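Input: a single structure, listed below in structure tokens.
The values are calculated or read from the model by the stated rules, or taken from the named source; none is laboratory data. All values derive from a computational prediction rather than experimental measurement. So basically every Cβ, Gly included, is an ideal-geometry build from the backbone, and we count neighbours across all protein chains shown. These area figures cover heavy atoms from the full protein model, side chains too; ligands, DNA and RNA do not enter into them. Shrake-Rupley method; radii C 1.70, N 1.55, O 1.52, S 1.80 Å.
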Amino acid sequence: MDDLDKLSKEISYALRHAPWEYELEMNEEGWVPMAQLLDALRREAKWEGISAADVEEMIEQSSKKRFEIKDGRIRAFYGHSFPMKIQKEEKEPPAVLYHGTARRFLTSIMENGLLPQERQYVHLSQDVETAEIVGKRHDGRPCILAIDAKRAWEEGVKFYLGNEKVWLADSVPGRYIEPMQLK
Ligand code: HQG
């Protein structure tokens, strides 16, 4: 693992899971002053010389769009797990969204719906390819679920924007979920 990967992992941990460990003052949308994050990281020997340019490079080089920098602040687009629920922008979803998961979770998902589990929101993918990448973290041959987001949204399920490929929901009832036949 190279340094940019390590940096991405540590900033994910700080912004998604444990901002208090880094003494970060996070607002309700998940924004943190960049200078505060850099100060916190610099207290660790391995990030002693880190600059905002390094963080920007990490974000640019990453295959996933995990963080956003704006007006001297930084936030994670998705993935949060701490109790204070981050407020996300509610938005009309595309007609169909996807969710990649493990085969072993399927029975429970169809019975109980998609639940956020350890995170604040359920994570949905804009396309099948992204869902496959997500699902492979849990199962070598993941199962892909198609979500009838249009009908769910029309019937009152709220959807929120993560980044362009990741959508969020509080939960998704099983009646909107259809397992897909993969090639
Ligand atoms: C499953 C990564 C049983 C759900 C990814 C999933 C994503 C249920 C697992 C982002 C269930 C939670 C999030 C139910 C849901 N019964 N299992 N009722 N409801 N589940 O990791 O969506 O690389 O918290 O299917 O790419 O896999 O970190 O969520 O398998 O975008 O940037 O419970 O994290 O992005 O797993 O992944 P996770 P996820 P990063």
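Keeping the other protein chains in place, figure out the carbon and sulfur percent of the accessible area of the chain, with a 1.4 Å probe.
Of the solvent-accessible surface of the chain, carbon and sulfur hold 47 percent.
Please find the FRET efficiency linking MET110 to LYS85, where r is the Cβ-Cβ separation and R0 is fixed at 30 Å, and quote it to the nearest 0.05.
Computed FRET efficiency for MET110 and LYS85 comes out at 0.70.
Can you compute the radius of gyration and Dmax for the range 96-179, using only the Cα atoms, both in Å?
11.5, 34
Starting from the Cα of ARG43, step 7 Å along the direction of its Cβ; do the same at TRP20; then give the gap between the two resulting points in nm.
It is 1.4 nm.
Straight-line reach from LYS88: which aspartates and glutamates have Cα under 13 Å away, leaving out those fewer than 8 places along the same chain?
Of all the aspartates and glutamates, those that pass the test against LYS88 - Cα under 13 Å, at least 8 places apart if same chain - are GLU28, GLU29, ASP170.
For the chain, set up a Gaussian network in which alpha carbons nearer than 10 Å are linked by springs, and say which option among GLY79, GLY162, GLY135 fluctuates the most.
Of GLY79, GLY162, GLY135, the most mobile in the Gaussian network model is GLY135.
Can you give me the relative contact order of the chain as a percent, contacts being Cα pairs under 8 Å and 6 or more apart?
It comes to 21 percent, rounded to a whole number.
Mind jotting down the distance between the C-alpha centroids of the range 54-96 and the range 147-183, whole Å?
19 Å
When all protein chains stay in place, what accessible area (Å², nearest 10, 1.4 Å probe) is found for TRP20?
Accessible surface of TRP20 is approximately 150 Å².
Amide H neighbours of HIS80 under 5 Å, at least 5 residues apart or on other chains, H built in the peptide plane: list them.
Those qualifying (amide H under 5 Å, at least 5 residues apart or on another chain) are GLN120.
GNM, the chain, Cα, under 10 Å: largest mean-square fluctuation among MET34, MET84, MET26?
MET84
Along its three principal axes, how long is the range 4-76 when you only count alpha carbons? Whole Å, largest extent first please.
For the range 4-76, the Cα spread along each principal axis is 27, 27, 22 Å.
Output the pairs from LYS64/LYS91; LYS9/LYS150; LYS46/LYS158 with a Cα-Cα distance over 30 Å in this structure; if there are none, say none.
Correct reply: LYS9/LYS150; LYS46/LYS158.
If you consider only alpha-carbon coordinates, what radius of gyration and Dmax does the chain have, in Å?
My reading of the Cα-based Rg and Dmax gives 17.5, 52 Å.
Once every DSSP H run of n ≥ 4 in the chain is given -39500 (n - 2.57) and the sum is divided by its residues, what mean residue ellipticity at 222 nm do you get, rounded to the nearest 500 deg cm²/dmol?
That comes out to -7500 deg cm²/dmol.
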